[in-house]
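Asks: Let me begin by handing over the structure; questions about it come next.
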Amino acid sequence: MRTDIEFPTLLQKKIYSAFNGRSNLNNLSGLCAQLIAEQQNSWPELGQAYESLKDVRARDLECNGFIVCLQYNPGRMINSLASVDRQDINERMCFLCIENLPPEQKGILYRDEYIILCNPRPVFRSHFTVTHLDHSPQAIAGKIDAFLQLAADLGSGWAVLYNGPQCGASAPDHLHFQVVPSGQMPIEKVIVDGKRLVSIAEVDGVLPSRSRNMGREIVILAGDNPVTLGSVFKRFLSGLQKVLSIHEEPMMNIAGFHENGVWRLVLFPRAKHRPDVFSREGDEQVVVSPAVIEMGGVIITPMERDFERLDAPLVESIFREVSLDAATVDKAVAKCCS
Ligand SMILES: [Zn+2]
């Protein structure tokens, strides 16, 4: 926890409300709704961003075995083009540390450890960034408990999202999650429906499954005990590290849901952050920078030309390129489920 002397004063100025889980007076979902309504009024940039969201264009695209929703959202240009170069990140001011937030931005102090903030560049009708109070690197293994707790505190109307530091996190140097309404990503229908899922043997009360023929590799872990679910998740992470012979966090995007006492972790193991078409020059460049929302089936592009020209073969090839291959994922699943 930060110990600098001015931190409590800085934090106090940024707190709109607080949720500590110790009383039922404050329902987290309700607090989030209040925060977004208040911030749209008091923070002009956010009000404008939500106004612009009304003009966002979307269209469904039927790919081989799955559907994606393309979203043309010019407001996401900064996110899509964000530098992932380590030196650039070290040299820039961290935009998630509370002393650097816009003066109008306030949030919900969450369990004394995080602050829930309105994302100034929303993709959906509500979009939050949940940032740790400390400036500590984006890493999931030690924070999966908090991720699951947040999903439970929010309840069934929400999805909690995580982007790995090398595959979509716009601030890899500052731990954060995102929260968006549930039901927005096409992958959610596939999971609820269950017909496309292949179950794997239960392990410690956790039900793992794989989704087949979805154009990218997906592992789902479901369970009603956050401790065992967290531990099976960590075994999967270390299984991937062994299979890939790496020590750092395996590239992964995660969406988490909690409904009727059951958590679902939807994992997208990755091979690569951005597809080759992203690095092409001039008109050849396709500005799609896949992170968790894209892997969930909502492909955001800030460029109108890409919104119009993206077709099924291109989306399928982007997914194939950035997703980890099935054989490697199978080996990691075998390691966590044995
Ligand atoms: Zn920071």
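The values are calculated or read from the model by the stated rules, or taken from the named source; none is laboratory data. Because the structure is a prediction, the values reported are computed rather than measured. So basically every Cβ, Gly included, is an ideal-geometry build from the backbone, and we count neighbours across all protein chains shown. The accessibility values were calculated without ligands, DNA or RNA, using every heavy atom of the protein model including side chains. Shrake-Rupley method; radii C 1.70, N 1.55, O 1.52, S 1.80 Å.
Asks: Taking the simple approach of a point 7 Å from Cα along Cα-to-Cβ for both D283 and R125, what is their distance in nm?
Replies: 3.9 nm
Asks: Please report Rg over Rh for segment 217-268, where both radii come from the alpha carbon positions and Rh follows the Kirkwood definition.
Replies: 1.00
Asks: Work out the length of the dipole vector of the chain about its Cα centre, built from +1 on the beta-carbon of each Lys and Arg and -1 on the beta-carbon of each Asp and Glu, and round it to the nearest 20 debye.
Replies: 660 debye
Asks: What number does segment 141-203 give for Rg over Rh if you use C-alpha atoms and the Kirkwood radius?
Replies: Rounded to two decimals, Rg/Rh equals 1.01.
Asks: Follow-up question, since we're still on this one. Just in segment 236-328: which trypsin sites (Lys or Arg not before Pro) are loop by DSSP and have at most 11 other Cβ atoms within 10 Å?
Replies: Answer by residue number: R280.
Asks: How much length would be gained if the chain were fully extended between R111 and T328, taking 0.36 nm per residue of separation minus their Cα-Cα distance, in nm to one decimal?
Replies: Between R111 and T328, full extension yields 74.4 nm more.
Asks: Using the crude model of +1 on Lys and Arg Cβ and -1 on Asp and Glu Cβ, and no other charge, please compute the dipole size for segment 186-307 relative to its Cα centre, in debye to 20.
Replies: Charge dipole of segment 186-307: 400 debye, to the nearest 20.
Asks: Given a 1.4 Å probe, how much area per residue of the chain is accessible, in Å²?
Replies: Result: 45 Å² per residue.
Asks: For a bin width of 10 Å, list the pair-distance distribution of the chain built from all Cα-Cα distances, rounded to whole %.
Replies: 5, 26, 36, 25, 8, 0
Asks: Further, regarding this structure: Relative to the present Cα-Cα distance, how much length would full extension add between D276 and Q12 at 0.36 nm per residue of separation?
Replies: That pair, D276 and Q12, stretches by 90.6 nm at full extension.
Asks: So for Y114, Y72, what's the accessible-area order with a 1.4 Å probe, most first?
Replies: Y72, Y114
Asks: For segment 35-94, divide the Cα radius of gyration by the Kirkwood radius and give the resulting Rg/Rh value with two decimals.
Replies: Taking Rg over the Kirkwood Rh, I get 1.12.
Asks: Whole percent per 10 Å bin, from 0 to the bin with the longest distance: what is P(r) over all C-alpha pairs of segment 256-301?
Replies: The calculated distribution, bin by bin, is 23, 39, 23, 11, 4.
Asks: Turning to a different aspect of this structure: Calculate the FRET efficiency for D4 and M93 from the Cβ-Cβ distance with a Förster distance of 22 Å, rounded to the nearest 0.05.
Replies: Efficiency computed from Cβ-Cβ geometry: 0.85.
Asks: Another one. Given the convex hull over the Cα atoms of segment 183-318, what projected area results after averaging over all orientations, in nm²?
Replies: The number I arrive at for segment 183-318 is 9.5 nm².
Asks: Give, in whole angstrom and from largest to smallest, the semi-axes √(5λ) of the equivalent ellipsoid of segment 165-235, with λ running over the eigenvalues of the Cα gyration tensor.
Replies: Value: 23, 19, 13 Å, ordered largest first.
Asks: Now a separate question. Tell me the carbon and sulfur percent of the accessible area for the chain, rounded to whole percent, probe radius 1.4 Å.
Replies: 50 percent
Asks: What is the projected area of the convex hull of the Cα atoms of segment 7-132, averaged over all directions, in nm²?
Replies: Taking a quarter of the hull surface, the average projection is 10.6 nm².
Asks: How compact is segment 282-338 by the rule of thumb for globular proteins, expressed as Cα Rg over 2.2 N^0.38 Å?
Replies: Here the answer is 1.45, to two decimals.
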